[in-house]
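Beneath this line is the structure, given in structure tokens, with notes to follow.
The values are calculated or read from the model by the stated rules, or taken from the named source; none is laboratory data. All of these numbers come straight from a predicted model, not from anything done at the bench. All Cβ positions, glycine included, derive from the backbone under ideal geometry; neighbour counts span all protein chains shown. To get the accessible areas, we keep the full protein, side chains included, count just its heavy atoms, and leave off ligands, DNA and RNA. Shrake-Rupley method; radii C 1.70, N 1.55, O 1.52, S 1.80 Å.
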Amino acid sequence: TLERTADFVMKAHNVATGRDEIIHLEFQTTNDGKMAGRMLLYYWLLYDLYQLPVRQFVVYIGESKLTMADTIRQDRLQFSYQLINLHTVSYQQFLASEKAEVVILTILADFEEKDADWVVQQILRRIQSLDQIPSDLQRHVQQLDVLSLLRNLQQTVIKHETAMAITL
């Protein structure tokens with residue numbers, strides 16, 4: 001038997017093509033030399049299950065330089081997926097979002113030489129301005145705490161949560 005659990009899968013309607021499709025996201029904190037093979041396996045399993053086109057993305061949030069392959073090319077097989085390195089995406093793209101769930105991803109982006117303390121303050125201020133319901137704010141701050149571990153910034157986040165009187 002074969003059992004695999006994907007990080008994130010959803011059915012979406014592609015307005016450009018007018019067709020439904022499956023969106024598959026995997027989050028990676030380390031370079032995995034077998035990632036392309038894993039993604040091919042997920043592709044087939046998802047296609048077999050839903051009989052819809054599958055769009056796949058691997059979001060790399062690791063500290064070391066990205067070295068994973070995003071393609072497999074063999075005699076009668078060509079396969080690829082989109083590989084996104086969050087460390088190369090400007091923090092401004094996430095911070096400008098109207099959705100707190102997107103704003104918290106700022107912590108994983110390229111700070112563009114901005115001080116981490118300043119960026120964390122901006123994230124917390126932004127989610128405070130977006131979250132009008134206290135339980136939503138609490139959930140998003142907790143998510144930010146977890147994501148901040150990936151950049152060794154949890155103590156910075158906690159310091160600013162305390163300074164801004166955000167209570168968990």
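So for the range 61-75 (the condition being surrounded by 13 or more Cβ atoms within 10 Å (Cβ to Cβ) and under 28 Å from R126 (Cα atoms)), does at least one residue qualify? Checked against the condition, which is being surrounded by 13 or more Cβ atoms within 10 Å (Cβ to Cβ) and under 28 Å from R126 (Cα atoms), the range 61-75 yields at least one hit. Among the residues of the range 138-166, those that are assigned to a loop (DSSP other than H, G, I, E, B), touching a residue at least 12 places away in the same chain (Cβ under 8 Å) and open to solvent by 30 Å² or more (accessible area, probe 1.4 Å) comprise L150, R151, M164. For the range 26-61, the set of residues classified as in a loop (DSSP other than H, G, I, E, B), out of contact with any Asp or Glu (no Cβ under 8 Å at 6 or more places or on another chain) and hydrophobic (A, V, I, L, M, F, W, C) consists of I61 only.
Looking across the range 78-116, just one residue is more than 16 Å from the chain's Cα centre (by Cα), surrounded by fewer than 14 Cβ atoms within 10 Å (Cβ to Cβ) and not in a loop (DSSP other than H, G, I, E, B), and that is Q78. Residue check: I123 meets all listed conditions (1) without any contact (Cβ under 8 Å) to a residue 24 or more places away in the chain; (2) hydrophobic (A, V, I, L, M, F, W, C); (3) more than 25 Å from G37 (Cβ to Cβ) but one, namely (1).
Quick grid of which residues meet (1) under 24 Å from T1 (Cα atoms); (2) at pLDDT 95 or above; (3) touching a helix residue (DSSP H, G or I) at 6+ places or on another chain (Cβ under 7 Å):
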{"position": "F27", "(1), (2), (3)": "no, no, no"}
{"position": "R55", "(1), (2), (3)": "no, yes, no"}
{"position": "V58", "(1), (2), (3)": "no, yes, yes"}
{"position": "L66", "(1), (2), (3)": "no, no, no"}
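Just one of the numbered conditions (1) open to solvent by less than 30 Å² (accessible area, probe 1.4 Å); (2) outside any helix (DSSP H, G or I); (3) in contact with a helix residue (DSSP H, G or I) (Cβ under 6 Å, 6 or more places away or on another chain) is not true of I127: (2). Would you say S135 is hydroxyl-bearing (S, T, Y) and loosely packed, with under 14 Cβ neighbours inside 10 Å? It is true that S135 is hydroxyl-bearing (S, T, Y) and loosely packed, with under 14 Cβ neighbours inside 10 Å. All conditions in (1) within 14 Å of the chain's Cα centre (by Cα); (2) modelled with pLDDT of 90 or more hold for L150, with the sole exception of (2).
Only residues that are among the polar types (S, T, N, Q), over 18 Å from I107 (Cα atoms) and in contact with a strand residue (DSSP E or B) (Cβ under 6 Å, 6 or more places away or on another chain): list them for the range 51-94, please.
Initial filter on the range 51-94 (among the polar types (S, T, N, Q)): 51, 56, 64, 67, 71, 74, 78, 80, 82, 85, 88, 90, 92-93.
Pick out the ones that are also over 18 Å from I107 (Cα atoms) and you get 51, 56, 67, 71, 74, 78, 80, 82.
The answer is Q56, T71, S80, Q82.
Here Q122 meets the list (1) closer than 22 Å to N152 by Cβ; (2) within 14 Å of the chain's Cα centre (by Cα) almost entirely, failing just condition (2).
Of all residue pairs spaced 6 or more apart or on separate chains, those with beta-carbon atoms under 8 Å, a first member in the range 43-70 that is without any contact (Cβ under 8 Å) to a residue 60 or more places away in the chain and a second member that is part of a helix (DSSP H, G or I) and open to solvent by 40 Å² or more (accessible area, probe 1.4 Å) are P53/Y47; V54/Y43; V54/Y47; Q56/Y43; Y60/H87; L66/H87.
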